[in-house]
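Quick note: the coordinates plus some simple rules give every number you see, no bench work behind them. Computed from a prediction, not measured in an experiment: that's the story for all the values here. Cβ sites come from the backbone with ideal geometry, for glycine too, and all protein chains shown count toward neighbours.
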Amino acid sequence: MAGLIPHNQPQITPEDREAVDAVLRSGWIAQGEQVLRLEQHFVERMGGGGACAVASGTAALFLALRGLGVRGGARVAVPTYSCSALLNAVFMAGGSPIVVDVTPDTFCLDVDGLARQAPGAEFAIAVHAFGAAAPVRRMVEQGLGVVEDCCQCLGGALSGEPLGTCGAAAVFSFYATKIVTGGQGGLVWSRNPGIVEAARDYRQFDGRERYEPRFNLQMTDMQAAMINSQLSRLERIRCVREEIARTYLRTMPEFLSVQADRTPQRMWQRFVVLAPDPLVRDALLKHMKERGVGCIVPVERFELLHRYLALDPEGYPAAERLADTTVSLPIHAGMTAAEVATVSTALSEFEP
Ligand SMILES: *Cc1c(COP(=O)(O)O)cnc(C)c1O
């Protein structure tokens, strides 16, 4: 048997290779013209504001929080069902993470639980989980300074507006498993020029007239060229992923369900199936593997942020249940029709 159908794989086209090669031939491979082009692309995509490309999504989160004024132990609400990059960024900025449970259908931060679980929070990180829109507007209405974590929803839109334009700042990641990738990379976008300027100032330490502690969080032009090339086909990528999702939805057995979402123009970063209980979930994982399909548990129990911080799991029932009952199926732009058929047939023939 040939290997498993990969759960995820970057799609690198001849155009992407040529774009990187052009940078290699140019003699300038560090931060330069391609990074500027990437930043301009985001200003146009988001309808104004400013953008600062950096080395990773985690760096972008840190810079957005820092620019927003997170310091001195300021309380930052974060959804527990996400990734430890959120904790790292909050701690690096000097804030205190306050972990909040998610809603069991959308997997996004439970805005109704905010007052109870995060009293006194001034800031929040809203993760659009696997492409599904988080309730950012309601978080802003509660007076929070919100950083929208768009690492998994690039290309998605709500009421014609790209996701990310509602909060005080938005961050993106171009890591290898994301929708558009340069291997690594990240970006901060904001309408607030102060946030963008602070990020630009901090990402580069060399050749500065006045000394201040800064770092080196730059992106290279090789990464930016690959990202720019992929961004030029982003809507096509979204449509391909949506078509794969529709195929799976048509064949999925009735006792399984999927993550709910109100985003009409959704970017399906992940197709996550919910099993009725942990035993069925484990059986589904085993069945898909036997059929040659690479599936993963999207967020394992030990990865939940409340567990990393040794908080009582009883306070986070929705996330605990998601960690025990979910399976993520392959969904990426490079999948062949035969691979999509193999996955959907295997899914339709699953019996617990
Ligand atoms: C990937 C990801 C990050 C971190 O991005 P890196 O580029 O890997 O540092 C942060 N938040 C979310 C929701 C992500 O998916």
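For the reader, a short list of remarks on this structure follows.
- Over all orientations, the range 1-159 has a Cα convex hull whose mean projected area works out to 13.0 square nanometres.
- For the range 172-289, the Kirkwood estimate of hydrodynamic radius, built from reciprocal distances between every pair of different alpha carbons, is 18.1 Å.
- Among 164, 292, 207, residue whose mean-square fluctuation peaks in a GNM of the chain (springs only between Cα atoms under 10 Å): 207
- Ordering 115, 186, 82 by the projection of their Cα atoms onto the charge dipole of the chain, which places +1 on the Cβ of Lys and Arg and -1 on the Cβ of Asp and Glu, puts 186 at the extreme positive end.
- FRET efficiency, residue 197 to residue 12 (Cβ-Cβ, R0 35 Å, nearest 0.05): 0.55
- Across the range 6-86, Cα-Cα pairs farther apart than 20 Å form 58% of the total.
- Distance (nanometres) between label positions extended 7 Å along Cα→Cβ at residue 36 and residue 279: 6.4 nm
- Taking other Cβ atoms within 10 Å as a rough exposure proxy, 82, 190 sort from fewest to most as 82, 190.
- Dimensions in Å of the range 1-40 - Rg and Dmax from alpha carbons: 15.3, 46
- Electrostatic dipole magnitude of the range 55-168 [Cβ: Lys, Arg +1; Asp, Glu -1; Cα centre; debye, to 20]: 340 debye
- Centroid-to-centroid separation of the range 255-330 and the range 30-109 [C-alpha atoms, Å]: 23 Å
- Helix-only [θ]222 nm of the chain, DSSP H runs n ≥ 4, -39500 (n - 2.57) each, per residue, nearest 500: -11500 deg cm²/dmol
- Förster-model FRET efficiency, 35 Å R0, residue 257 and residue 22, C-beta, rounded to 0.05: 0.15
- Full extension of the chain between residue 309 and residue 242 yields a length gain of 20.5 nm, computed as 0.36 nm times the residue separation minus the alpha carbon distance.
- Each Lys and Arg contributes +1 and each Asp and Glu -1, all at the Cβ; summed about the Cα centre of the range 207-352, the dipole is approximately 540 debye.
- Taking the square roots of 5 times each eigenvalue of the Cα gyration tensor of the range 180-248, largest first, gives ellipsoid semi-axes of 35, 14, 9 Å.
- Segment residue 212-residue 289, length gained on full extension (0.36 nm per residue, minus Cα span): 22.5 nm
- Cα coordinate range in the chain, projected on the principal axes (Å, largest first): 67, 53, 35
- Taking other Cβ atoms within 10 Å as a rough exposure proxy, 154, 231, 279 sort from fewest to most as 279, 231, 154.
- At least 24 Å along the helix axis (C-alpha) and Kyte average at least -1.0, DSSP helices within the chain: 234-251
- Using Cβ point charges alone (K and R +1, D and E -1), the dipole size of the chain about the Cα centre works out to roughly 440 debye.
- Its residue count N fixes a reference of 2.2 N^0.38 Å for the range 79-224, and the Cα radius of gyration divided by that reference is 1.09.
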